[in-house]
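**Student:** Questions regarding the structure given below will be posed in turn.
The values are calculated or read from the model by the stated rules, or taken from the named source; none is laboratory data. All figures in this text were calculated on a predicted structure; none of them were measured in a lab. Virtual Cβ from ideal backbone geometry, glycine too; neighbours counted across all protein chains shown.
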Amino acid sequence: MNFLKNISIIGLFLLTFASVQSSYAADDVKIGLVYPLSGTSASVGKATVDACEIAAKIINEPTPGFEDLPLGAGKGLPGLGGAKLKLIPVDTQGNPGEGQAQTLRLITQEKVSSLLGAYHSAVAITTTAVAERYGVPFVIGDSVAANITERGFKWTFRVTPIASDFAQSYIQFLDELKKNGRTVNNIAIVFENTDYGVSVSGTVRNIAKQFGLNIVADLAYNANSADVSAQVLQLKDKKPDAVIFISYTADAILYAKTMKSLDYMPPVLIGDDAGFSDFAFINSVGNIAQGVVDRSAWVVGPKGSLSYKINELFKAKTGRDMDDTSARGMQAFFVLADAINRAGSTKPEAIQAALKSTNLKPEQLFMGYKGVKFDEKGQNILASTYLTQLIGNQYYTVYPTKGAEKTLVYPYKGWK
Amino acid sequence: MNKSIEKFLWGLLILALLVFPISFDNPYYEQLGSLVLLSAISASAWNLIGGYAGQVSVGNVVFFGAGAYMPLLFYHIWGISPLWGFPVGVVVSLVIAILIGIPTFRLSGHYFSMATIAVAELIRIVVSNWDFLGASVGLTGPAVSDRWSDLVFRSSMPYYYMFLFTLFVVLLVTYRIENSRFGYYLRAIKSGERAAKSLGVPVSRYKLYIFMISAVFTSLAGSLYAVKFGFIDPNSGFGLLISVNMIIIAALGGAGRLLGPLLGAIVLIPLQSETNSLFGGGGTGITYIINGAIIMLIACYEPGGLLNLWDRISAKYFSKGAPKDDA
Amino acid sequence: MIFLQVLVSGLLIGAVYALFSSGLTLVWGMMNVINFAHGEFVMLGMYVAFVALTALHFGVTSFGVLAAILLFILGGVVYFILIRRVMRGPMLAQILATFGLLLVLRYSAFMAFGSDFVNLPEDILGPSLNWGGILLSAPKLVAGVTALVITIGMHLMLTKTMLGSKILAVAENPNAAMLMGIQPDRMQAIAWGISGASAGIAGALIATFYPISATVGESLGLIAFVVVTFGGFGSVPGAMLAGLLIGVIESLSAFYFGPVYQDVVVYALFVLVLWFRPQGLMGKKS
């Protein structure tokens, strides 16, 4: 017993001081991926890392069918003499402190040229702060809290649309419905009570008021609740014409199930990304949540399109369709790779300058953005989103109505 | 052990701590060192109530959070230096300690622990819904700044020395208590409250005092955390996991011993960081499994912590029989 | 009308709370050990149900039984490997031991099943029943009835059977029990097994209406603690009553004050109970 104990403790000490040296080819360009790979959001983090790995493969090796994509020729980065991209993912554990520590390690130990992250807005705040202090470009693909780009940072670049963009889309969509003769006067907002839910719901509330919509129920709830019957009953009681949910996956699933068990169907159900576009949501409750409207800048698209081909690669790697969050991460990755290529060097200042002068056209993207161009706060002013609707087991674009894949199904069908 | 050898080792330890950041020109190690010290401070603070007095508080995070929110709040609302928040955090923590302590100290063992959990969770939920404190979005501090009083440093070194100084103060206080009558009373309380009471020890009063002292230092640790990371939200400020970590670090090194928490921090923090760096990128959660296994091993085989283990080993190999008598 | 529905919904979820808390109170009351990993037992029960249904094609009734059996074994194993060593030690060691167990169980499940959520097929126990305008979710109803049956069963077993009296004897005074020829080790292992089994069945039932993932134990575990403290350590009927009460209070507060406040109300009550009546509703005063 004593021996075993002593050995275990000695083993611990040795483990503490062991370090792993990885070897990369001398001219590899290193990019750090800062995402949650454990904890409640691990599935999203992993999916994004998977997506970025696919993107790196498309850039590093010739893959047929992707020649239209910038750097899609598969010859590495021509601007750096064909250098290959090397990804270094780290686990933030969804924790701002751990994220910051890992980012510091990426910058000072791994000497990455740039960083991509971070999903959780709280983690994005601390990790971009480190990057700012050390002068390393940090590209944000998916975190939507407004304050991330409101701090006067020079090294943070956000490709994704933000909370206020989504709120604008939802309310304009509802307004258009109203103009087409549907009753849309009262709405309800149901949001989970962390920075994500609070920031998005805040913007929704403001814009709704501007358009003269009446908010009859404004329900904040704690994420990962065991039961949401009371919330659904409140909705049933107040009878809004449209409900906007801002939830992560587990809650989204729980709401769908609870609504069925309590027989409640609003005329319009909007689910703000995160939980609702998650593959797990479609898989487990898609058949009882038919017609849920979601926002997405990503759709699989028709066969033969660029997005379809990318989705095929993603499906081959992970066994499922790509979702909006990981797609946004992948798009941001391409933006970063393109900037590094134009910079022609891995020096941070060069990449920063290249990012600042980014001007990508919609044809060069596979997301539905109007382009990529950063303002002086580092926000992509051409970011935008579609609204999509779950029909069958896939989301199709329904708004803006011009160019939409399908017409909106009204009212919400749920399980009928 | 020989008194002069002891003094030498102490000197060595202090020297090592002082020169550590200068000897490696590596920001990551500096950061790691700062984290070790920070954890050592909160664990040492917990050690006062949990190790010496034997009252296992699982809610000490409440003081950490209070200490962490104040500096950033001051910066956020009035734009003044976070330093002003430090003493305010301490005062708030003291008030909370008194409010919790007075009713709960008459509860024994498990009830006290559960009560501390309940209060911590209650405060976390209240804070997440209080807009003044940033609700669930949290508060950010300055990211870059010209004033030194904003405590924003690019390198980890200044933080390291701030933390080292605070740790020194906590340990000094602990040492003084350990060797005073107060400490004697605490040990009596730890071994048996009823017996202590019957001997005339003012049990509730002293439990409250040590709780308050623990609160003060935990609050300072929180304030230091806030200025280093520049961000706080209900989870990073009031999450139960933070409390549990304090307990684990103190217990790993040796609860109820002066240097236990520091030792625990030196061993565990780099271990956690390394395993996350080594395995975390794979996303299998193996970091946590390793942590869990370590914790279980300690609980089963050496609940007195590494210091206890060392005592046993050295008693067997170095004393050759009867322990030497110190002059 | 809607008030009744809110009330009924509260009772239903409360019954589920009662179900998975009864095991925890048994262990806590019996040997004064706080099992921080109790939520993970429930989580494992959920996964057993999932695997049994999808991979092994078990029927609806049998996956609950399978979960009970497997978790019974796990409970016993945990007792022998871990708890036995730390039971008599300082409370610190116990807290550490079960917390370490929590991490190992939760992240082993994470490693084995991945981070995605999984679900049992919708409506596996049938659609909601309509009882005069009040909708009763079938899985919760089944869980509620099962909770009642198991709670009563456990109570009867403890008070009326030979095995039960042996277990209680060990709880009260292990040395005296040993002198009477009862083996404390075995009884305590059985108690842990029962605790595991009830958590397993609870998990299997919860899986019919709640998304399954490795981190589910976090929220469920905390609820179990509140219920057990409210009801009184060691009292299985107390856990039942407390579970129902908390379910109803949560439901009413969420509906009338706002969902966010449901936790505030419950924790505030929790704190008050600890202040004024620490032994809970039905526990023994110590």
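**Student:** Counting only residues that are at pLDDT 90 or above and among the β-branched types (V, I, T), how many does region A:165-195 have?
**Tutor:** Looking only at that region, the number is 4.
**Student:** So, in region A:397-407, of the ones that are at pLDDT 85 or above and in contact with a strand residue (DSSP E or B) (Cβ under 6 Å, 6 or more places away or on another chain), which residue ends up surrounded by the fewest Cβ atoms within 10 Å (Cβ to Cβ)?
**Tutor:** The residue in question is A:K406.
**Student:** Examine region A:52-69 for a residue that is within 14 Å of chain B (Cβ to nearest Cβ) and within 13 Å of the chain's Cα centre (by Cα), and state whether such a residue exists.
**Tutor:** yes
**Student:** Report yes if some residue within region C:29-38 is more than 30 Å from A:Q231 (Cβ to Cβ) and over 16 Å from the mean Cα position of the chain (by Cα); otherwise report no.
**Tutor:** Yes - at least one qualifying residue is present in region C:29-38.
**Student:** Quick one: which helices (runs of 4 or more DSSP H) sit completely within region C:86-173 and have at least 1 residues that are within 14 Å of chain B (Cβ to nearest Cβ) and at negative phi?
**Tutor:** C:91-113
**Student:** Applying the selection to region B:112-142, what residues are in a helix (DSSP H, G or I) and either charged (D, E, K, R) or out of contact with any helix residue (DSSP H, G or I) (no Cβ under 6 Å at 6 or more places or on another chain) (or both)?
**Tutor:** B:S113, B:T116, B:I117, B:E121, B:R124, B:V126, B:D131, B:F132
**Student:** Collect the residues in region A:230-260 that are of a type in the set (K, R) and either over 23 Å from C:L7 (Cβ atoms) or in a helix (DSSP H, G or I) (or both), keeping them in residue-number order.
**Tutor:** Of everything in region A:230-260, those that are of a type in the set (K, R) and either over 23 Å from C:L7 (Cβ atoms) or in a helix (DSSP H, G or I) (or both) turn out to be A:K236, A:K238, A:K257, A:K260.
**Student:** Right, another one. Across region A:140-159, which residue is surrounded by the most Cβ atoms within 10 Å (Cβ to Cβ) among those that are of a type outside the set (S, T, N, Q) and either within 9 Å of A:Q379 (Cα to Cα) or in contact with a Pro (Cβ under 7 Å, 6 or more places away or on another chain) (or both)?
**Tutor:** Across region A:140-159, the extreme among qualifying residues is A:V159.
**Student:** Given the criteria buried (at least 24 other Cβ atoms within 10 Å of the Cβ) and away from chain A (no Cβ under 14 Å), does C:V273 qualify?
**Tutor:** no
**Student:** Same structure again: Out of curiosity, is A:G212 surrounded by fewer than 19 Cβ atoms within 10 Å (Cβ to Cβ), assigned by TED's automatic domain parsing to the domain that holds A:G286 and either within 30 Å of C:A214 (Cα to Cα) or at pLDDT below 90 (or both)?
**Tutor:** yes
**Student:** Let me ask something else. Quick check, is C:F257 more than 15 Å from the chain's Cα centre (by Cα) and either over 30 Å from A:F191 (Cα atoms) or not β-branched (V, I, T) (or both)?
**Tutor:** The answer is yes for C:F257.
**Student:** On the given criteria, is A:A220 hydrophobic (A, V, I, L, M, F, W, C) and either within 27 Å of the chain's Cα centre (by Cα) or more than 10 Å from chain C (Cβ to nearest Cβ) (or both)?
**Tutor:** When the stated conditions are applied, A:A220 passes them.
**Student:** Restricting attention to region B:230-264, which residues are within 12 Å of chain A (Cβ to nearest Cβ), among the aliphatic types (A, V, I, L, M) and under 14 Å from the mean Cα position of the chain (by Cα)?
**Tutor:** If the condition is that a residue be within 12 Å of chain A (Cβ to nearest Cβ), among the aliphatic types (A, V, I, L, M) and under 14 Å from the mean Cα position of the chain (by Cα), then B:L241, B:I242, B:L252, B:L263 are the ones that fit.
**Student:** Just for region A:70-110: of the residues that are of a type in the set (S, T, Y) and under 20 Å from the mean Cα position of the chain (by Cα), which one is surrounded by the most Cβ atoms within 10 Å (Cβ to Cβ)?
**Tutor:** The residue in question is A:T92.
**Student:** Kindly check whether there is at least one residue in region B:216-229 that is at pLDDT below 90, under 30 Å from C:G89 (Cα atoms), within 14 Å of another protein chain (Cβ to nearest Cβ) and not in a strand (DSSP E or B).
**Tutor:** no
**Student:** Please determine whether any residue of region A:361-378 is modelled with pLDDT of 90 or more, in the same structural domain as A:E53 (by TED's automatic domain parsing) and in contact with a Phe, Trp or Tyr (Cβ under 7 Å, 6 or more places away or on another chain).
**Tutor:** Among the residues of region A:361-378, at least one is modelled with pLDDT of 90 or more, in the same structural domain as A:E53 (by TED's automatic domain parsing) and in contact with a Phe, Trp or Tyr (Cβ under 7 Å, 6 or more places away or on another chain), which makes the answer yes.
**Student:** When region A:280-293 is examined, which residues are found to be facing chain C (nearest Cβ under 10 Å) and in contact with a helix residue (DSSP H, G or I) (Cβ under 8 Å, 6 or more places away or on another chain)?
**Tutor:** Scanning region A:280-293 gives A:A280, A:F281, A:S284, A:V285, A:I288.
**Student:** State the number of residues belonging to region A:252-287 that are of a type outside the set (G, A, S), touching an Asp or Glu at 6+ places or on another chain (Cβ under 9 Å), under 17 Å from A:Y396 (Cα atoms) and modelled with pLDDT of 90 or more.
**Tutor:** Adding up the residues that qualify gives 2.
**Student:** Can you spot a residue in region C:53-61 that is within 14 Å of C:I201 (Cα to Cα), more than 14 Å from chain B (Cβ to nearest Cβ) and surrounded by fewer than 18 Cβ atoms within 10 Å (Cβ to Cβ)?
**Tutor:** Within region C:53-61, one or more residues are within 14 Å of C:I201 (Cα to Cα), more than 14 Å from chain B (Cβ to nearest Cβ) and surrounded by fewer than 18 Cβ atoms within 10 Å (Cβ to Cβ).
**Student:** Then there's this: So is B:V216 surrounded by fewer than 19 Cβ atoms within 10 Å (Cβ to Cβ), within 17 Å of the chain's Cα centre (by Cα) and within 23 Å of B:V61 (Cα to Cα) or not?
**Tutor:** Criteria not met by B:V216.
**Student:** How many residues are closer than 18 Å to A:L262 by Cβ and loosely packed, with under 14 Cβ neighbours inside 10 Å if we restrict to region C:115-161?
**Tutor:** Number of matching residues: 6.
**Student:** From A:D272, A:D237, A:D218, which residue is surrounded by fewer than 24 Cβ atoms within 10 Å (Cβ to Cβ) and closer than 23 Å to A:Y410 by Cβ?
**Tutor:** The unique qualifying residue is A:D237.
**Student:** Among the listed residues A:T126, A:T108, A:T92, identify the single one that is without any contact (Cβ under 8 Å) to a residue 60 or more places away in the chain, touching a His at 6+ places or on another chain (Cβ under 8 Å) and at the interface with chain B (Cβ under 10 Å from one of its Cβ atoms).
**Tutor:** Exactly one residue qualifies, and that residue is A:T92.
**Student:** Go through region C:239-268 residue by residue and tally those that are in contact (Cβ under 8 Å) with a residue 24 or more places away in the chain, aromatic (F, W, Y) and under 22 Å from B:V119 (Cβ atoms).
**Tutor:** 1
**Student:** For the subset of region C:76-101 comprising residues that are surrounded by fewer than 23 Cβ atoms within 10 Å (Cβ to Cβ) and among the small types (G, A, S), which member is modelled with the highest pLDDT?
**Tutor:** For region C:76-101, the residue satisfying everything is C:G76.
**Student:** Could you tell me which of the residues B:I290, B:I298, B:I269 is in a helix (DSSP H, G or I), more than 9 Å from every other protein chain (Cβ to nearest Cβ) and either out of contact with any strand residue (DSSP E or B) (no Cβ under 6 Å at 6 or more places or on another chain) or of a type in the set (S, T, Y) (or both)?
**Tutor:** Going through B:I290, B:I298, B:I269 in turn, just one is in a helix (DSSP H, G or I), more than 9 Å from every other protein chain (Cβ to nearest Cβ) and either out of contact with any strand residue (DSSP E or B) (no Cβ under 6 Å at 6 or more places or on another chain) or of a type in the set (S, T, Y) (or both): B:I269.
**Student:** For residues in region A:129-153 being small (G, A, S) and in a helix (DSSP H, G or I), which is modelled with the highest pLDDT?
**Tutor:** The extreme case among them is A:A131.
**Student:** Another question, then. Quick check on my filter: what residues within region A:284-315 are over 17 Å from the mean Cα position of the chain (by Cα), in a helix (DSSP H, G or I) and in contact (Cβ under 8 Å) with a residue 40 or more places away in the chain?
**Tutor:** A:G286, A:N287, A:I288, A:L306, A:K309, A:L313, listed by residue number.
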